[in-house]
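Here is the structure we will look at.
The values are calculated or read from the model by the stated rules, or taken from the named source; none is laboratory data. As the structure is a prediction and not an experimental result, all values here were calculated from the model. Because the Cβ atoms are built from the backbone with ideal geometry, glycine has one as well, and the counts that use them run over all protein chains shown.
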Amino acid sequence: MSLRDIAATLAEAPTLLQVAKEIQPRPLDTCDSLAARMERTTERFPNRTAVIFEGKTLTWRELNAHANRYAADLRARGLVRGDAVSLIMQNRIEFLTSLLALNKLGIIAALINTNLTGRALIHCLKITDSRMCIFGEECLEAVAQVKDEEGLALIERWLYVADAMKESCPDWASDLEQASATQDSNNPPDTGHNTLADIALYIYTSGTTGLPKASVISNRRFLISAALSYKGGLKCKEHDRIYLCLPLYHGTGLFLGVGASFATGAAMFIRRKFSGSNFLREVREHKTTCFIYIGELCRYLLTIKALPDDHSNPLKSIMGNGLRPDVWHEFKSRYGIKRIAEFYGSSEGNVGFVNMLNKDCTVGTTSIPMALVEYKVDTDEITRDANGYCIAVADRQPGLLLGQITKDTAFEGYTSEDETEKKIMRDVFKKGDAWFNTGDLMKTVDVGFSLGFRHYQFVDRVGDTYRWKSENVSTNEVGEIINGHKQIDFCNVYGVEISKADGKAGMAALVLAEGVKELDVSSFSAYINEHLPSYAQPVFLRIQPEMDTTGTFKMVKGDLRKENYDLEQINEPVYVLKPRSKTYERLDTEFAAILRAGDGGY
């Protein structure tokens with residue numbers, strides 16, 4: 001433990017105090033919301049830049065006025081507090097104005113993944129009982145294909161927002177931008193009535209079968225997440241600029257980036273999608289000081305040819321999740337990053353960690369009541385003692401992370417009560433207690449001098465879920481889809497590691513149906529492409545004569561994970577879906593060697 005380490009840690013102590021003050025529980029009937037914060041920011045910095053997007057710049061006054069016109073139009077259409085409205089739009093200024101308009105009126109914004117089509121899109125529109133749907137021109141084709149489905153009869157109006165102006169507003173929709181142009185641009189009185197308890201958003205979990213769950217996000221949770229960012233993570237103020245390229249229908253970019261901006265006045269540089277080749281040029285051109293990341297983006301930026309001056313840029317602090325320890329130091333050094341605020345959390349969860357002391361290779365610490373309990377990875381079971389209670393793990397040992405459910409750490413759950421209950425464990429340490437099961441393994445780590453706070457590191461997803469391409473993949477859901485192919489009798493899905501790739505790639509051990517001697521690779525590949533999104537498609541297939549199960553007929557995954565796609569350990573056929581390919585092919589020793597070297601392109 002060096003004096004420099006001690007001094008650097010002590011310098012961060014005020015940050016902890018500021019964050020503690022900011023997130024201190026307040027009565028749930030307190031009037032506050034995302035839109036209220038933004039209105040106060042507009043009063044403070046009306047003429048400062050709020051957002052930069054594709055060559056267009058808006059001040060806070062302009063952005064707020066735009067949102068107010070949308071809000072006035074939406075109120076005139078009969079929407080009232082507590083209604084839900086689906087929002088399907090790529091990252092752009094109109095996404096922000098739509099989000100703000102809804103929040104100003106106390107209307108719940110259901111933020112739908114813009115990549116969804118067909119059955120998955122219908123499901124997301126249905127489960128929130130949305131009265132209306134605001135959609136961008138860029139999503140017109142997907143919306144047009146489902147709008148007449150019987151299950152969407154509750155949607156009263158479809159509100160169109162132009163984008164590239166290649167398509168005109170269809171006759172079955174209303175042009176929101178055009179209709180709102182003459183509406184009142186003053187702040188609506190509704191904003192002042194929004195409380196911390198009010199539901200602000202529905203954020204959808206990653207749906208591997210295209211059937212996501214809608215997580216309930218209150219104004220309280222949104223504001224706490226934003227505070228953790230602008231006070232404890234990015235530590236940004238009005239003179240900062242935040243680089244945002246993550247999809248804003250997900251919590252990471254929205255809570256940590258947009259939330260921090262609306263609360264502090266820091267400007268946002270927004271991109272529709274991440275571009276590695278343009279990243280550093282845009283950071284320099286627009287003088288962005290902060291960056292919201294996921295680990296996969298950082299890993300990709302390290303694959304770009306290094307230049308001697310990569311470190312010469314205005315970035316000072318970055319915040320996100322999934323930055324692996326083996327990437328951390330190289331990324332920090334190459335791009336001259338002074339502060340990495342890795343965090344851990346989920347849209348629906350009640351427990352989170354933030355690296356506020358700027359320690360390396362940790363998700364930081366938490367003040368939320370939580371526990372790490374013993375978990376048998378091979379059998380996918382929680383260990384219980386003689387009394388049936390969970391057992392806390394020893395220090396620095398991996399354990400299943402549970403977040404205690406209390407009045408101040410509520411589990412807001414999903415729109416479905418059944419799905420909410422599935423995530424709750426009861427009678428964990430004593431009769432009557434309740435805990436949120438994160439499904440993640442964590443462990444404590446030594447980070448040197450840390451003011452007495454324990455620090456943690458993410459270890460892995462457990463059981464029936466793994467993480468790939470920054471999405472959570474349900475092995476059960478993928479398995480159900482695969483079992484629907486006519487040649488498959490049964491399958492066992494699990495995650496395996498690929499060298500230098502983020503997360504775990506999907507692998508499916510398949511037992512062919514009776515009478516089927518060989519997998520029809522062409523038919524199976526087409527089936528997978530049709531029924532599973534790209535991130536949920538297994539990268540590897542393994543054909544087995546029979547499936548190993550436990551005495552209670554639970555599928556055994558431990559040995560399969562250890563053997564992964566190692567051809568020296570497996571005598572059965574193994575297939576691989578190579579990057580940018582649509583068809584599986586036999587895995588040979590040459591490509592297996594490429595994978596071991598970390599050069600497979602994943």
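Before moving on, here are some points about what is shown:
- Meets criteria (surrounded by 21 or more Cβ atoms within 10 Å (Cβ to Cβ) and at pLDDT 95 or above) for Leu244: yes
- From the options Gly322, Gly336, residue that is modelled with pLDDT under 95 and either touching a helix residue (DSSP H, G or I) at 6+ places or on another chain (Cβ under 8 Å) or farther than 24 Å from Gln18 by Cβ (or both): Gly322
- No other residue among Leu16, Leu105, Leu87, Leu111 is at pLDDT below 95 and under 27 Å from the mean Cα position of the chain (by Cα) apart from Leu16.
One line per residue, one yes/no per condition, for (1) closer than 25 Å to Gly192 by Cβ; (2) part of a helix (DSSP H, G or I); (3) in the same structural domain as Tyr204 (by TED's automatic domain parsing):
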| position | (1), (2), (3) |
| --- | --- |
| Asp73 | yes, yes, yes |
| Phe95 | yes, yes, yes |
| Leu100 | yes, yes, yes |
| Asn113 | no, no, yes |
| Cys139 | no, yes, yes |
| Val143 | no, yes, yes |
| Ile155 | no, no, yes |
| Glu177 | no, yes, yes |
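- Checking the stated criteria, Tyr249 turns out not to satisfy the condition of being over 15 Å from the mean Cα position of the chain (by Cα) and either buried (at least 22 other Cβ atoms within 10 Å of the Cβ) or modelled with pLDDT under 95 (or both).
- Residues located in the stretch 99-146, provided they are touching a Pro at 6+ places or on another chain (Cβ under 8 Å) and either of a type in the set (S, T, N, Q) or within 30 Å of Asn187 (Cβ to Cβ) (or both): Lys104, Leu105, Asn113, Thr114, Asn115
- Selection from the stretch 295-314 of residues that are in contact (Cβ under 8 Å) with a residue 40 or more places away in the chain and among the hydrophobic types (A, V, I, L, M, F, W, C): Leu297
- When the stretch 236-245 is filtered for residues that are assigned to a loop (DSSP other than H, G, I, E, B) and touching a residue at least 60 places away in the same chain (Cβ under 8 Å), the ones remaining, listed by number, are Cys236, Glu238, Cys245.
- Output for the stretch 386-434, where each listed residue is over 25 Å from the mean Cα position of the chain (by Cα), within 21 Å of Phe458 (Cα to Cα) and not basic (Lys, Arg): Cys390, Ile391, Ala392, Val393, Ala394, Asp395, Gln397
- Candidates Arg284, Arg272 - the one that is over 26 Å from Ser347 (Cβ atoms), assigned by TED's automatic domain parsing to the domain that holds Arg299, in contact (Cβ under 8 Å) with a residue 12 or more places away in the chain and out of contact with any His (no Cβ under 7 Å at 6 or more places or on another chain): Arg284
- Unique match (being modelled with pLDDT under 95 and either closer than 30 Å to Ala536 by Cβ or not in a loop (DSSP other than H, G, I, E, B) (or both)) among Thr208, Thr191: Thr208
- Scanning the stretch 253-269 for residues that are closer than 22 Å to Val327 by Cβ and either without any contact (Cβ under 8 Å) to a residue 40 or more places away in the chain or surrounded by fewer than 24 Cβ atoms within 10 Å (Cβ to Cβ) (or both) yields a count of 2.
- Residues within the stretch 163-181 that are free of Cβ contacts under 8 Å to residues at least 60 places away in the same chain and surrounded by fewer than 13 Cβ atoms within 10 Å (Cβ to Cβ), tallied: 6
- Flag if Asp559 is over 23 Å from His485 (Cβ atoms) and not β-branched (Val, Ile, Thr): yes
- Yes/no for Leu87 being hydrophobic (A, V, I, L, M, F, W, C), touching a residue at least 12 places away in the same chain (Cβ under 8 Å) and outside the structural domain of Phe222 (by TED's automatic domain parsing): no
- Members of the stretch 20-29 that are surrounded by 14 or more Cβ atoms within 10 Å (Cβ to Cβ) and either in contact with a Ser or Thr (Cβ under 9 Å, 6 or more places away or on another chain) or free of Cβ contacts under 8 Å to residues at least 12 places away in the same chain (or both): Ile23, Leu28
- Tally of residues being assigned to a loop (DSSP other than H, G, I, E, B) and not aliphatic (A, V, I, L, M) across the stretch 572-600: 13
- Residue in the stretch 305-321 that is closer than 30 Å to Tyr456 by Cβ, assigned by TED's automatic domain parsing to the domain that holds Thr49 and part of a helix (DSSP H, G or I) present: no
- Among the residues making up the stretch 331-365, a single one is part of a strand (DSSP E or B) and either surrounded by fewer than 19 Cβ atoms within 10 Å (Cβ to Cβ) or basic (Lys, Arg) (or both): Arg339.
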